[in-house]
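Working notes for the structure below.
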Amino acid sequence: MAGDDCEFHYGDGTNEAQESDFPTVERSRLQEMLSLLGLEPYQVQKLSLQDALQISSDSMKNWAPQAPRDLPWNFLRKLQALNAEARSTTMVLDVAPDTRPVEKESQMEEEIIFWDTADDISADIYSFSELPTPDTPVNPLDLLCALLHSSDSFLQQEIVFKMSLCQFALPLVLPDPENHYHTFLLWAMRGAVRTWWSPPPRAAGGFREDSPGLSRAPAFAFVRMEVSSNSKSQLLNAMLSPGHRQRDCFWHRDLSLGTNPREIADGLVEISWFLPSGREDLDIFPEPVAFLNLRGDIGSHWLQFKLLTEVASAVFILTDNISKKEYKLLYSMKGSATKYYFILSPYRGKRNTNLRFLNRLIPVLKMDHSHVLVKVSSTDSAGFVRRVRAIVAHVTRSPCRRVSVEDMAHAARKLGLKVDEDCEECQRAKDRMERITRKIKDSDAYRRDELRLGDPWRKAAQVEKELCQVQWAGDPPEKSRAELRHRLLELRAQQNGHEPAWGLQEFISGLSSPSLGEKQYFLRWMEWGLARVAQPRPRQPPETLLPLRPKHCAAVDGSEPPWPEPLGVEHFLREMGQFYEAESCLVEAGKLAAGQRRFAHFPGLALELLLKGLPLELIDGNTLSPPLRWVTGLLKELHVRLERRARLVVLSALGAPGTGKSTLLNTMFGLRFAGRGSGPRGACMQLITVAESFSQDLGCDHILVIDSGGLVGGVLAEAGERFEREAALATLIMGLSNVTVVSLAETRDVPPAILHAFLRLEKTGHMPNYQFVYQNLHDVSVPGSRPRERRQLGDQPGDVSRATAQLERQGDGIRTLADLAFCDPEKQHIWHIPGLWHGVPPMAAVSLGYSEAIFELKRCLLENIRNGLSNQNKNIQQLIELVRRL
């Protein structure tokens, strides 16, 4: 039998199945696991982030996987929704036809999929176990490893990022059981951005937003030697849990009814951090501390253990027995600067043998008898945890090794481990980023001196606004229009007279790379590099912030921001957009021949970013104006790229800054809009693909999602001009939309500009399907709260009363929301979303109630789109025309 033709058949009792039990060439455990999970096709063309975020029929179902090949997709969808139960999945299996009673053909059988196996399994993964079959639960650590092996670098990064928000331990070293060519996941770890309290004297005392893996901190490794009656994972969880609330960061055997052996995950190294909140009653340690956990025993995974001894401040070895083999391995660590501690259960092992070997190791490893801890069944668990914490605290207070994940990667390279970001594409992109950011000494000065089109663009935007007002005034004097057009052309000619600065040229070269992967690497590197050179600014406390991606279209107040807008990728894209705008304006006016255009390809370069999941600005956050020609150019290019799959639904989210709309969209669709205070004020858009198999049913091929950012203030503006601008921008966004989500704080205030937009759209007859979402932004979720309920629409707060006075001055009369014709109490949907956090950040996980409520809202929105309750879906050409008209 040829090796390529042999395959396994599972338990059907046929002769073919019996013959296949002895194949000529046995496939590896990894190959079998990938095949079982349906991931084998993704070993050449890896799963991408776009694959994971596609909208399909499953996006509308709270479904349970029915076969092992459903598990990866179910895990990804739960992780995207920040579901705290993503690590524990229920699989519903059909009972075999030959054993199922005829009268119970629809009977289903539930199997629990467990995230972890016991810490005390010491057998080699190639021994004493059978491969899982389609009706056998898969160990979810195997699922995670198989999924990471099948994902490209950007999906790996997203998986790690979402796991960090769920407070799951993160994969640091990905084992390769087939070739033993293990991978250190440095690139994947870079995206895990968190916020924590940075104590003095290193800082003035405030919240810091960064990747904890890129900050140097003491690290403590926990490993098992042969068999241990004590669980590493349970001990680590107890150490990371303040008070009596147990955190299950590291999954352990006692969380489920049973365990399943790991097939490919032994050798996995996980990492988690304790991050301080600034509250003495909750902070176990006053500074960030890293904890590392090796799955499997050190004898079988010596390379990983060697790495841990070179990066950790201290290593805790859990064991019942010290054998001669392990003694020799540990003896080889002679001269190591790392501190070693043993946690023994001597009544389960050979006590005298342990003592003999320990006495020999104490001088070799520079230990004393305080480094040997004994824990038996009668030991007080809480007291033991306090003792281990005290050891960790003592080590951190004394001079000790402090490492970042980058430092760990350097040690991994020396030991021969592969580091994921060492590929040529990633390194070329990094080099280009460093050439650009090296020249940025001051963000404000760089914007002023290098990105020079911003100031004339602000003036041009004002002239365009005046020109628009004159045109709508009714029979305006031709002289006024001519003067405004002349001023606009002068400003555009001034812009066109500039050459792109060196930094912008390098940026454009990075976007022009023929390698799509290198472009993606470059944009991520630019985000992080610019974040590093950005000026320090005040931070919001984490109770009000879900730190998502730095440098993306944030939600801040529409008034003057409390700190300068940080320099980001969007500033380079704005500059590209203004070169395109100026050139297009001059061509339209006949001042420049079409053949002389140099920047006509810019929309195509930017569109690549939109297609790969990067938000692009729809409304400039600097001028609070839409760059019409640039946006039109992007949409035209999108129409060309999508060809026949050009049917769009536009879904927008509006609300006052800080009401959680960006977090809502990110959780709902896996997007990358930034939270409050992390970027510019403009409205941004992202594109989501609908699976071809579902597009006919849903009625569209793509969903364009718009986040209004900080365009709409939360209180009534005193200045009439600002109110008009906010109302106009809200009208523009809602007018483009098929579906609008209005995000509100628990105080139930409806921003006046949004009320006014509803009034304007009511007159035009273009009313999107809308949902009002009230979010509990500060409190821990309330048990039993319902995500959705009906409310009397006349019950409006004081802010709305004040808004109606403003509306009256606008000539619309005093109106409440309930007075509007579109507000049908039978069709109006008002949602109440529980608090985001379960506990106190930064150590809190996203609450299960929040995740489940967001899923219900998502299902409702997609059902409304499918049932035609939204405005008529658009193609891109219609959207272009609508942008022009609005």
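Computed FRET efficiency, Cβ-Cβ of Q494 and K612, R0 45 Å: what is it to the nearest 0.05? That pair, Q494 with K612, gives E of 0.85. Across segment 280-295, coupling constants 3J(HN,Hα) worked out from phi with the 6.51/-1.76/1.60 Karplus curve, θ = phi - 60°, read 5, 6, 10, 7, 5, 10, x, 9, x, 9, 9, 10, 10, 9, 9, 7 Hz, and Gly and Pro carry x. The residues of segment 194-408 have, on average, 41 Å² of accessible surface per residue, using a 1.4 Å probe with all protein chains present.
Extension gain, C423 to S300: 0.36 nm times the residue separation minus the Cα-Cα distance gives 41.5 nm. Loop-resident trypsin sites (Lys or Arg not before Pro) (DSSP state other than H, G, I, E or B) in segment 440-505 with no more than 10 further Cβ atoms inside 10 Å of their Cβ: K441. Counting heavy atoms of the protein chains alone, K306 has an accessible area of about 70 Å² for a 1.4 Å probe. Using the Cβ-Cβ distance between E178 and R885 with R0 set to 60 Å, the FRET efficiency from 1/(1 + (r/R0)^6) comes to roughly 0.55. Given their separation in residues at 0.36 nm each and the Cα-Cα distance between them, R458 and L869 gain 144.1 nm when the chain is fully extended.
Between the beta carbons of R438 and R413, assuming R0 = 22 Å, the FRET efficiency works out to 0.40 to the nearest 0.05.
By a 1.4 Å probe calculation restricted to protein chains, E466 has an accessible surface near 60 Å², given to the nearest 10. In the full protein context, segment 829-886 carries 38 Å² of accessible surface per residue, based on a 1.4 Å probe and ignoring ligands, DNA and RNA.
The accessible area of D442, taken with all protein chains in place and a 1.4 Å probe, comes to roughly 60 Å².
Full extension of the chain between D449 and E721 gives 94.9 nm of extra length, using 0.36 nm per residue less the Cα-Cα distance. Across K414, K636, K661, the residue with the most accessible area heads the list, and the full order at a 1.4 Å probe is K414, K636, K661. In order along segment 398-405, phi translates into HN-Hα couplings of 8, x, 8, 5, 10, 9, 9, 5 Hz, rounded to whole numbers, per the Karplus curve 6.51 cos²θ - 1.76 cosθ + 1.60 with θ = phi - 60° and x for Gly and Pro. Modelled label positions at S378 and R481, each set 7 Å beyond Cα in the direction of Cβ, lie 9.8 nm from each other. Accessible area ranking (1.4 Å probe, heavy atoms, ligands and nucleic acids excluded), largest first, for C400, C249: C400, C249. Across the accessible surface of segment 194-408, with the other protein chains kept in place and a 1.4 Å probe, carbon and sulfur atoms take up 51 percent. Of the residues C700, C423, ranked by 1.4 Å probe accessible area with the largest first, the sequence reads C423, C700.
The values are calculated or read from the model by the stated rules, or taken from the named source; none is laboratory data. As the structure is a prediction and not an experimental result, all values here were calculated from the model. Cβ coordinates were reconstructed from backbone atoms using ideal geometry, including for glycine residues, and neighbour counts include every protein chain displayed. Surface areas here come from the heavy atoms of the whole protein model, side chains and all, with no ligands, DNA or RNA. Shrake-Rupley method; radii C 1.70, N 1.55, O 1.52, S 1.80 Å.
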